[in-house]
Each structure stands twice: as C-alpha cells, then as structure tokens.
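Asker: Right, I'll just put the structure down here and ask away after.
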Amino acid sequence: MSRLITDPNNAIHPDFASEDYAEACNAMINKATDNEAAIMHMEAMWTATNTVEKRIWARQIQADLDQAKEVEQGAQDLRERELIQQCHKNEFAAAKERKKNRAKYQDVSEEAPPITAPEIISAYVTTRLHRGQYVKLWYFTNEGMAWGINAGPINKNALTQTVDGDGSIFWAPTTTAKAAKNVKKDRDLSWEQLLIATPCFLEAIQAADWTNQRQKMMANLLAGLQSHPYRFTSNPLDRCILLCYLCEQRMLWHCSLEAAAGRGWNVGIISEPLLRMAESTIRNEEADRCEAERDLMLGVLERAQPGLSELVPSASGGTLMQLGSAQPHASSSCETEEQSARNGNVRWGASSSVTVTNTSAQDAAPPHMQLRDACAPNQQANSETGSPYRPSTWEGLLQNAGLLQKYKGLVRGLTEGIVGFYQSSPVSIIPKAGRPGKF
C-alpha cells in the first residue's frame, strides 16, 4: 500500500452542491436518484474514504514512531558498545603502559632506606626465567646481583636477534640478550654462594610464574643437597660433588623439557647412583689436577735448574731415588771441591777448582734417607733429612726464577703432600681408582 503524503485529519470537506461537482452529480442522476440524492451519495463516499485514510494515517504515524524508536535504540546501543570498547581499549593501553614502565607505576614502600644494597635481578635473567629456560645460579649470588645492577635498564629500542632453545629465532631487547662474561657454572660456585643464591632463585622463579610443581621440585633439589650427609664432612671435595650433581641435573632437566618429546622428571629426587657418578667425575678431575700441577712444577724446576727433575721420586720401581747424597768418585792428585752455599743437604751454585796436593781415596757419603717401598705405610721422616723434596731448596729456586708468587702453593704441597686426596704422604705413589696405569 502506498504511503499517505498528507494528513487526512486536515482534509477540508468539499461542497458537492457547488458547480465544481455539478458534472459529477449529473453523472449519478437517474430515474431512481435525483440531484440531492447524488450529492448525499458523494458526501457519504468522501466521508468513508476520509475515515479510512485517517486510520491508515494513524498506523503510518505509529509505524514511523516505532521505527524511529528502534533507530534511536540501535544508535544508543551502538554508542554504548563503542563506549565499552573505548574503555577496554583505554584499560588495555593503561595496563600495557604500566607493564612497559613498571618502575613508574610500582608502589613505593614507606620504609627507611636499606643499609645493604637491594637485590636486583638482571633483565637477562628475568627474560629467561619468564620463558622457563635454564639460568645459572651465579646470577643470584652477590656477584651476579652486582652485575645485574651494572648492566643497566632495558633499551627497548635496541633489539638483538636471539636463537631460542628449540632453534626458533626471535628479537629481544639488547640488554636481555647479553649474558655475563665472567659467569660461573653451578659446579664452580662456593658453598656459601650456593646458600646465598638459593632463596633468591626460588623467589625469582615464583615471580616468573613457574608452576607450583616446578617450584616444589627446585626447592626439594636444593634443600636435599644442602641437607645431604656429604655437606657435613670434613672433605671439601664432597661439597664439590654435590655442586657437580646440581649443575648436571638442572641442565639435563631443562634440556629434556625443551626437547620436542621431552617430559622431564622429578629433579627434586636425589638419585644416589647419579651422585656416585658425579663423585667419580670430581675425584678423577682432582687426581688429574694434582698430576698436572706436579708435572708443571717439575717443568718449572727443570728450566730453573737442569737435572733437578731426576731427583723426583720414581713410580716405576716403587722406590725413591736418593736426594742430596754424595756420589763416590775415584781419587786423583787433583780434586774439585764445590764452592757454594748450602740449602738443606743439597749444594747449588757454580763450582771452582781447588788443587789438593795429597792423593787419597774418599769414601762415599752415607745416604740421607733410606729406600722404601712406595706402598709401605707412611713413616716418620728422619729429623735430619726432613722432606725428601727439599722444600726450602725448591723455594729458593722459584724465588730466583721470579715464580714463587705464581707457584706459592707448590712449596706447601712439597712439604705436606701433593699426590692428591687419595694419600696425604708426599712420598707414596698409589694407583688411581678405576684408572689402570695411572698413579
């Protein structure tokens, strides 16, 4: 139905008796209808038509009102949605701003200034912890905290291409992509450093939103090692064994989790078989270190005084060579006498010839120490001869060569023993455990 343009309520009733409607009236006049009947019929038709148009107009007005109301409601809903979206957008921007500039919006404590320096974890460590990656415990020691403070804040405008553990490449802020140059492995930490790093590390992984399961495993691992019987022994190597176990297990655990099909394991359980393997590693390394230190010492002394290395105990026959004993020599009309200063029972220095007029045979000087088997029990050294290595003589040689300060521990090793932790006696040579042919 076509839409009404004008309001029928304002329509003017026409005068059908006027000349304007005479032709229409004449068309309706017939034998049964005269002029007055025709005019009345036309008036009735107009009134009925106007009444219908009024009803149509009313419905049309109501439809327009309903449509306008719906349009207004739709516009209102749209404005509300836009307002809500804008609020969410503002909240997101505000949260992003607070996260980006956390130091600006962080609540400030009302406490007095601390006496000690605050514990600040570096941005490099924070980034790796948030990614769940392996971080050396050195970063949580006093030295690591100091490095984190000196590393400075993150420069978000400077990015560095970094390779993730799974091989993927991503861009990270420059500060977070740099590790410390002097960082130590967990096994190289001192026990005091481990005790300092433990609470800081546990707090850091909690702040990095590690799962409660992983936090509990790490806490059990560190607590289990710190309460292990090896910690309370008098042998410092036992604590090195615990640190070696800690280093290896943490690294392997993270590598397993980052692998494609890795599920890891409960690293908080202390495995005694794995601890035995770590013990074997540490003790073999210590034996190699002692042997290398001894070889280095012999090389230094050989350069300082050729032929001195021949005076070192031999392990081939299980006996010791005599040190400082005079060798017998034949008599002659001319005898060479050494003119030098004594150091212990050995003479060092240049020799000069002194002519002796008499001719006689000289007896060999008695040995200063007796030969004994290397595997025999340690015996009290003769008070006259002292240590067979002549520590005072070697100290003088190192002093003359300008190497005493660098190798100051060697003189003490010669006096107290340098064959390692297996045997304290400096004159005993025994085979290494589990290493045939090594002594």
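Asker: What number of residues within the range 5-16 are of a type in the set (A, V, I, L, M, F, W, C), surrounded by 12 or more Cβ atoms within 10 Å (Cβ to Cβ) and modelled with pLDDT of 85 or more?
Answerer: Residues meeting the conditions: 1.
Asker: Sticking with this one: Any idea which residue in the range 210-241 is farthest from Thr198 (Cα to Cα), counting only those that are part of a helix (DSSP H, G or I) and within 17 Å of the chain's Cα centre (by Cα)?
Answerer: Just the residues of the range 210-241 that are part of a helix (DSSP H, G or I), to begin with: 212-226, 229-232, 236-241.
Pick out the ones that are also within 17 Å of the chain's Cα centre (by Cα) and you get 214-215, 217-219, 221-222.
Numbers: Arg214: 15, Gln215: 12, Met217: 13, Met218: 10, Ala219: 8, Leu221: 10, Leu222: 7 Å.
Here the answer is Arg214.
Asker: Of all residues in the range 232-268, count the ones that are over 21 Å from Tyr134 (Cβ atoms), open to solvent by 70 Å² or more (accessible area, probe 1.4 Å) and not hydrophobic (A, V, I, L, M, F, W, C).
Answerer: Qualifying residue count for the region: 2.
Asker: Let me ask another. Test Asp34 against the criterion of being open to solvent by 100 Å² or more (accessible area, probe 1.4 Å) and over 60 Å from the mean Cα position of the chain (by Cα), and give yes or no. Talk me through it step by step, then tell me what you get.
Answerer: Working: open to solvent by 100 Å² or more (accessible area, probe 1.4 Å): no; over 60 Å from the mean Cα position of the chain (by Cα): yes.
Against the criterion (open to solvent by 100 Å² or more (accessible area, probe 1.4 Å) and over 60 Å from the mean Cα position of the chain (by Cα)), Asp34 does not qualify.
Asker: Return a yes/no flag: does the range 121-139 have any residue that is of a type in the set (Gly, Ala, Ser), open to solvent by 30 Å² or more (accessible area, probe 1.4 Å) and either farther than 22 Å from Thr198 by Cβ or modelled with pLDDT of 85 or more (or both). I'd like the intermediate steps shown before the answer.
Answerer: Taking the range 121-139 as the starting set, the residues that turn out to be of a type in the set (Gly, Ala, Ser) are 122-123, 132.
Subsequent filtering for residues that are open to solvent by 30 Å² or more (accessible area, probe 1.4 Å) retains none.
No, there is no match, as no residue in the range 121-139 is of a type in the set (Gly, Ala, Ser), open to solvent by 30 Å² or more (accessible area, probe 1.4 Å) and either farther than 22 Å from Thr198 by Cβ or modelled with pLDDT of 85 or more (or both).
Asker: Yes or no: the range 96-105 includes at least one residue that is without any contact (Cβ under 8 Å) to a residue 40 or more places away in the chain, more than 30 Å from Ile121 (Cα to Cα), open to solvent by 90 Å² or more (accessible area, probe 1.4 Å) and not in a loop (DSSP other than H, G, I, E, B).
Answerer: no
Asker: For Glu285, state whether it is modelled with pLDDT of 90 or more and either assigned to a helix (DSSP H, G or I) or of a type outside the set (Lys, Arg) (or both).
Answerer: Working: modelled with pLDDT of 90 or more: yes; either assigned to a helix (DSSP H, G or I) or of a type outside the set (Lys, Arg) (or both): yes.
Spelling it out, Glu285 is indeed modelled with pLDDT of 90 or more and either assigned to a helix (DSSP H, G or I) or of a type outside the set (Lys, Arg) (or both).
The values are calculated or read from the model by the stated rules, or taken from the named source; none is laboratory data. Owing to the predicted nature of the structure, the values given are computational and were not obtained by experimental measurement. All Cβ positions, even for glycine, are placed from backbone atoms using ideal geometry, and neighbour counts span all protein chains on display. Accessible surface areas use protein heavy atoms only, side chains included; no ligands, DNA or RNA. Shrake-Rupley method; radii C 1.70, N 1.55, O 1.52, S 1.80 Å.
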